[in-house]
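Just below is one structure, and these are the notes that go with it.
The values are calculated or read from the model by the stated rules, or taken from the named source; none is laboratory data. Everything quoted here is computed from the prediction, not taken from an experiment. Cβ placement follows ideal geometry from the backbone for every residue including glycine, while neighbour counts extend to all protein chains displayed. We work out accessible area using only protein heavy atoms, side chains counted, and drop any ligands, DNA or RNA first. Shrake-Rupley method; radii C 1.70, N 1.55, O 1.52, S 1.80 Å.
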Amino acid sequence: MKYFPLIWSNLKRHKMRTLLTMLSIMVAFLLYGFLCTIKYSLTGGVNMAHADRLITTHKVSMILPLPETYLAKIQAVPGVAAAVYETWFGGIYQDPKNFLATWPVEPGAFLNMFPEFQLAPDQKKKWEETRNGAIVGRATAERFGWKIGDHVPLTSPIWGQPAKQQEWDFEICGIYDGATKGTDTTQFFFHYDYFEEGRQDRKGQVSWYVIRVDNPDHSDQVAKAVDAVFANSPYETKTAPEAAMMQSFAQQVGDIGTILISILGAVFFTILLVAGNTTMQSVRERTTEIGVLKAVGFGNGMVLSLVLAESCLLTGLAGLSGLGLAWLITSRGSPVPSMLPIFYLPGRDLLVGVGLVFALGLAAGLVPALQAMRLQVAVALRRNA
């Protein structure tokens, strides 16, 4: 702090150049924050997957249905602690852009399978007792202003109109929260029996099964045993860990990690050149001043430290501002909750970003700092003469 006024005055020497450099760095770290948020949104399901859960889908494609009657056979497989089925409903509220991740499920079995969805006991009881009852995540309830007791009409482009009704009518019986920040609270769940009663075709079919094994170390054996039960049947199955299924969803977009590294690598290399050039110019313009500092007793190590501190201050102010702005924007929630339901900047990526800020400062200031350190007093003062 003793030399902070000196460092700060050097940054203010060319205000416009410093400002433009800081803006470039701030935008780079703002982009970093957004990309990390999107990466986590697309791959967050993999991180939240439970090691003791398996997913059983049709062997040919997960979009093909399986018979509802498979449930009892799966539950009878050794090593299976519990099993539930899920069916993709694809609900739309009022307008096609208001798309919801909507699922008909068995309430009690579903909540036992997914403890990360937290529902108050009284709301759970009401849901189980209400034929057309539904629960909705906190994010979606706040998005549409829904309250417990509201009736919500939905349409489904997949299943069409329910029998004897124009729309699927649901009563909101509960609003669930997530056990952790990364839990998806945008989904909508309702009674499978109500769905089975209302749909007019493909009755008795479900999208896939979720299985909990009694020992995660035996997941592979249980998966093979489940698939063996339905081998050579009209509906053969493919069973895999929940994380593998989530990973397959993410990979449909592409290799998110490689895309992220490629973009950020190009951005940070460019910013390194910009920040390095700014520091280099600043040091060249102060050759005589550096010579005077050495003449009055500043050692090579002190000169090196001052230049590096100047570079780190420049990148620190700009980079931390960019990260803070990214955190502030993403903390407001997803702009497209139907596509990116989990939308926030993870703390781990935020800490990595802080490290990158100061690593950039050191890298950008290293060459100019070494030049300043090696500068001879006589040479520096002669230039002024």
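Can you pull out every residue in region 1-27 that is basic (Lys, Arg), free of Cβ contacts under 8 Å to residues at least 40 places away in the same chain and outside any helix (DSSP H, G or I)?
Restricting attention to region 1-27, the residues satisfying the condition of being basic (Lys, Arg) are 2, 12-13, 15, 17.
Cutting the leftovers down to free of Cβ contacts under 8 Å to residues at least 40 places away in the same chain gives us 2, 12, 15.
Selection gives 2, 12.
Taking the criterion of being under 24 Å from residue 162 (Cα atoms) and in contact with an Asp or Glu (Cβ under 8 Å, 6 or more places away or on another chain), the residues of region 111-137 that qualify are 130, 131, 132, 133, 134, 137. Restricting to region 203-218, and then to whatever is in contact with a strand residue (DSSP E or B) (Cβ under 7 Å, 6 or more places away or on another chain) and open to solvent by 10 Å² or more (accessible area, probe 1.4 Å), can you tell me which residue is nearest to residue 51 (Cα to Cα)? Looking at the filtered set, the residue picked out is 212.
If the condition is being acidic (Asp, Glu) and either open to solvent by less than 60 Å² (accessible area, probe 1.4 Å) or within 21 Å of residue 204 (Cα to Cα) (or both), then region 106-127 contributes 106, 116. Pairs linking a residue in region 138-161 that is in contact (Cβ under 8 Å) with a residue 12 or more places away in the chain to a residue that is open to solvent by 70 Å² or more (accessible area, probe 1.4 Å), with Cβ atoms under 6 Å and 6 or more positions apart or on different chains, are 153/167; 155/167.
One residue stands out in region 341-385 among those that are of a type in the set (D, E, K, R) and more than 19 Å from residue 271 (Cβ to Cβ): the one that is modelled with the highest pLDDT, namely 348.
Residue-level check: of (1) surrounded by fewer than 16 Cβ atoms within 10 Å (Cβ to Cβ); (2) modelled with pLDDT under 85; (3) not in a loop (DSSP other than H, G, I, E, B), residue 245 misses just (1).
In summary, residue 176 fulfils each of the numbered conditions (1) of a type in the set (Ser, Thr, Tyr); (2) open to solvent by less than 10 Å² (accessible area, probe 1.4 Å); (3) under 21 Å from residue 245 (Cα atoms) with the single exception of condition (3).
Quickly run through region 50-87 and pick out the residues that are aliphatic (A, V, I, L, M) and touching a Pro at 6+ places or on another chain (Cβ under 7 Å). Talk me through it step by step, then tell me what you get.
Here is the first cut: in region 50-87, the residues aliphatic (A, V, I, L, M) are 51, 54-55, 60, 62-64, 66, 71-72, 74, 76-77, 80-84.
Selection gives 51, 54.
Within region 360-385, residues that are closer than 28 Å to residue 273 by Cβ and among the charged types (D, E, K, R) sit with their Cβ atoms under 7 Å from residues that are assigned to a helix (DSSP H, G or I) and at pLDDT below 80, at 6+ positions apart or across chains, in these pairs: 383/287; 383/288. The combined condition, being over 14 Å from residue 91 (Cα atoms) and open to solvent by less than 30 Å² (accessible area, probe 1.4 Å), is fulfilled by residue 130. Beta carbons closer than 7 Å, at least 6 apart along the sequence or on distinct chains, pair a first residue in region 187-206 that is assigned to a loop (DSSP other than H, G, I, E, B) with a second that is among the acidic types (Asp, Glu) for 203/196; 204/68.
Counting only residues that are in contact (Cβ under 8 Å) with a residue 24 or more places away in the chain and out of contact with any Phe, Trp or Tyr (no Cβ under 6 Å at 6 or more places or on another chain), region 165-184 holds 13 of them. The set of residues in region 139-173 that are open to solvent by less than 50 Å² (accessible area, probe 1.4 Å), among the charged types (D, E, K, R) and either assigned to a loop (DSSP other than H, G, I, E, B) or touching a helix residue (DSSP H, G or I) at 6+ places or on another chain (Cβ under 8 Å) (or both) contains only 150.
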